[in-house]
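Notes follow the structure.
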Amino acid sequence: MGILAMCAQGAMAQQPGTPPAQKPTGKMVDLSTLPPSLRLGARTNLIHRQIAIRPTVVIVPDAASYVAAIARWRIAEKDPLIYPVLIDDGTFAARVAIARFVRAFKPTSIVRWNATGEDAKLPESATLRKSRLGEVQAAIWGAPSAAELPKRWKDAGFAPPGVVVASPGDSAWPAAFALATARGQVLVWIDPPAFGDVTGYIPLENAESFRGRLDAALDATGFRWNALGDDVDAVTLCFTSPSRVFLGEKDKRGYFALTDVVGRSSESTGRKRWAWCGQIMGNEPAAAMSAMSAIFLVPERAWLLDGYDSTRPWSEYDASATSDLLGKTTLKVVVDDAPGGASLEMLRRRLAGTPEMPGFGVDAGLIAVNSSGQAQWFDLKPGQGLVGDVPVLRRPAMVYFVHSFSAWSPTERSTVAGAWLDRGAYAYLGSVHEPLLQGFVPTPLAMRRLLEGLPWGAAVRFDDGPAWKIAVYGDPLITFGPQGPRVEGELPLPGLPPRTMGDELASHLKSRELARAVSALAIQGRDADAVRLIMATAKDQPGALSPEFGLAGIESACAMGDLSALLTCAEALRPIMYDQVRLKREGALVVKDMVWQALGPRIMSATLSEREARVLPHFLRIETLDRDRAEAMRACGPIMGKDTEAIVGEAAARVRAGK
């Protein structure tokens, strides 16, 4: 029986709410009896669990190859099959993101592939490109053309759970294409609401104009969409825009989140919710990564950081209560909490590695944080975390962040939300303004709703809440239900045969391209082997320790918690640490955070070794420069003595000049 037939029978489906990694109970329920939010999660997971997963990561060099690789997914056939496709554009950011994904997905193989012939180039015309993607989606779902896909679905009794919005001129379209295809959603092309600076806001009238265009596009599909519990109950915005909508000088509410304006009716009709909305932003590799993480990853570990004390109303968001709940699943749970709230010192010690979570940064796929503060800091008890204290992530993560203003400007890594997204969060919940504590679903309840089967976009919002300031990033249809089975076999990719990463590694080692060899190991998730090669190179061929070598290896050193290897890479990186243009182009500013987080406890206690003290000043960060300078002065002083002020001061001046 094909997937369309299975999903058409979805009036009776397996009971939702199966916790991560646990087998379904086998109990069947009538979906029509479920609340709309839970029904949406069950519908989405019903599709997902019918599709087998090939445990091979396909890495492509460009968007055309990305489309061509996805075009070989099989969904309408008897044995539906998909596999993750990621874009490596040659930057540090793309390579590290792939390594994070590989650690979480645990593929049995990783290959590189590029399209040939007509598939090797996407149409330059926006109209022709939209047509090409529509035809590919239709073919995967067994329709003769994009125009006939809705009829194909309707004839089979299948209703798309959501609509995905892309803009021809925005680079986040790869997420829209993958999510619409994998989840059986309507793909529509609409330009985002007009705005000025992406770090600013969208005027209300422009948001309302966008909402009207979306309504018209949905009317044209013929599917029911304007009430919860009908056909279309989710909207995914795949374009980069401001996160907040300005309501006007006279409106005391100030701002709404764009993702809580879209999916609702107009102000005059009470802004009634008809869908749950999420947003994906970024360039082509980042957008593809967000989509593939949403489709293929299920968290295995949760990390909870609680900056609230144990009095009411703060106790309603308690991390310990959340831990008790998550501990009943197969998730491994790590908690940083205290009766008076977690401290900054507690956080920084965690980021430097602990027995329960080794390595530098955080290795968790589900993260929940409670704090207070503003867009560029978060208060703990005691201590104030800055954006540089947002953990380096070792795998893609879903982040639930109870805190005011964190998503004020999420395209900027100098803000809390921007830092999380920059480090690999593929789903994020945060506020664009001051929401008051009661604007957030209490953390234990939000996690319970996820575990019970509600999709991400619905689980983190109150069921009947009014439009407000809480923004949802990522695919709103992420669920924690069971995935389809993993099946081995040949990849259905035409043209050039895929090149295995093993072959690539052997080639680099043979030609003594050691930086590329380290990178090949890192992308495969072979971090221990990468560290061994780093240390062997430092011993036997120190002349090979170029900035490229440092970029290739530092994230593996971070993942392994190997301080010697990390310092070796950091020393190799020194020549480019003041080249802000290159670091931004590569997406490599996070390497500075890696060094600070690895050395955090020794910086606080001023117990740096001589080697560490010589490295640290070159990794001062513009986002946290004043604190970094003060801490470096104090921590390096015992080593550098009277030269400390000159060395650290010069480094700070160079960072400030290059910002």
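The values are calculated or read from the model by the stated rules, or taken from the named source; none is laboratory data. Everything numeric in this text was worked out from a predicted model, so none of it was measured. Counting neighbours? That spans all protein chains shown, and the Cβs are built from the backbone with ideal geometry, glycine included.
General remarks:
- Residue count for region 346-403, restricted to those that are assigned to a strand (DSSP E or B), in contact with a Leu (Cβ under 8 Å, 6 or more places away or on another chain) and among the aliphatic types (A, V, I, L, M): 9
- Complete set of residues in region 453-463 that are at pLDDT 95 or above and outside any helix (DSSP H, G or I): 453, 454, 455, 460, 461, 462
- Residue check for residue 95: closer than 26 Å to residue 423 by Cβ and either surrounded by 19 or more Cβ atoms within 10 Å (Cβ to Cβ) or without any contact (Cβ under 8 Å) to a residue 40 or more places away in the chain (or both): yes
- Taking region 231-250 as the range and being of a type in the set (Asp, Glu) and touching a residue at least 24 places away in the same chain (Cβ under 8 Å) as the test, the residues that pass are 231, 233.
- Count of region 543-564 residues, restricted to those that are buried (at least 24 other Cβ atoms within 10 Å of the Cβ) and assigned to a helix (DSSP H, G or I), is 11.
- Those residues of region 113-133 which are buried (at least 20 other Cβ atoms within 10 Å of the Cβ) and not in a loop (DSSP other than H, G, I, E, B), in sequence order: 133
- Taking every residue in region 610-622 that is assigned to a helix (DSSP H, G or I) and pairing it with any residue that is among the β-branched types (Val, Ile, Thr) and crowded, with 21+ Cβ neighbours inside 10 Å, at least 6 positions away or on another chain, the pairs with Cβ-Cβ distances below 8 Å are 615/595; 616/595; 616/603; 617/648; 619/591; 619/595; 622/655.
- Condition check for residue 284 on (1) assigned by TED's automatic domain parsing to the domain that holds residue 397; (2) surrounded by fewer than 22 Cβ atoms within 10 Å (Cβ to Cβ): one failure, at (1).
- Consider region 513-541 and keep the residues that are touching a residue at least 24 places away in the same chain (Cβ under 8 Å) and surrounded by fewer than 17 Cβ atoms within 10 Å (Cβ to Cβ). The one that is nearest to residue 105 (Cα to Cα) is 528.
- Residues that are assigned to a loop (DSSP other than H, G, I, E, B) and in contact with a Pro (Cβ under 8 Å, 6 or more places away or on another chain) within region 271-283 comprise 271, 281, listed in sequence order.
- Subset of region 287-306 that is in contact with a strand residue (DSSP E or B) (Cβ under 7 Å, 6 or more places away or on another chain), not small (Gly, Ala, Ser) and not in a helix (DSSP H, G or I) - its residue that is surrounded by the most Cβ atoms within 10 Å (Cβ to Cβ): 306
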